[in-house]
């Protein structure tokens, strides 16, 4: 089991044990899932365990639970997907599900820790990310961490009944 410890958060490689009622509630919370494709499905313990097992079994993915160091509470998840060792790149996604810790730097620290892991343990040199153009919090987060806007997919998603653009971002981490 992989564990990465930072100054405020600890990342633990995801396991089925992390799937709790709190985790399921995040995925069903309209404020938490408003920019997630998973918002179209009602989640339960079994569906979440099935998803987590699929990620665990996927050799091109690594998912970590984000824990607050002080309280020991699970506050979110961060995932590397589409890991490609030939081209030394992956896609990152993050969810801070505990709304009590929004805006307190947990996402920034978790992303920095995963970038370091990706560079030193997986030999990656580039991380990409994407988000809805109307998701200002995600855009500001990734830009504050050095990600650059590299592309725009016009009318790529539907948000609140309207087509919206997807912003593609990237960062060289080596």
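The values are calculated or read from the model by the stated rules, or taken from the named source; none is laboratory data. If you're wondering where the values come from, they're calculated on a predicted model, not measured in any experiment. Positions of Cβ are generated from backbone atoms using ideal geometry, with glycine treated the same way; all protein chains shown enter the neighbour counts.
Which one of the conditions (1) more than 13 Å from the chain's Cα centre (by Cα); (2) surrounded by 13 or more Cβ atoms within 10 Å (Cβ to Cβ) does residue 40 fail to meet, given that it meets all the rest?
Condition (2) is where residue 40 drops out.
Within region 89-98, which residues are touching a residue at least 40 places away in the same chain (Cβ under 8 Å) and more than 14 Å from residue 36 (Cβ to Cβ)?
Within region 89-98, 98 is the sole residue that qualifies.
Is it the case that region 127-143 has a residue that's in contact (Cβ under 8 Å) with a residue 12 or more places away in the chain and within 19 Å of residue 7 (Cβ to Cβ)?
yes
How many residues are within 26 Å of residue 172 (Cα to Cα), in a loop (DSSP other than H, G, I, E, B), modelled with pLDDT of 95 or more and in contact with a strand residue (DSSP E or B) (Cβ under 9 Å, 6 or more places away or on another chain) when one looks only at region 35-92?
Selection size over region 35-92: 6.
On the given criteria, is residue 93 in contact with a helix residue (DSSP H, G or I) (Cβ under 8 Å, 6 or more places away or on another chain) and surrounded by 13 or more Cβ atoms within 10 Å (Cβ to Cβ)?
Criteria not met by residue 93.
So residue 140 clears everything in (1) farther than 22 Å from residue 57 by Cα; (2) assigned to a helix (DSSP H, G or I); (3) under 12 Å from the mean Cα position of the chain (by Cα) except one condition, right? Which one?
Evaluating residue 140 over (1) farther than 22 Å from residue 57 by Cα; (2) assigned to a helix (DSSP H, G or I); (3) under 12 Å from the mean Cα position of the chain (by Cα) leaves (3) as the failure.
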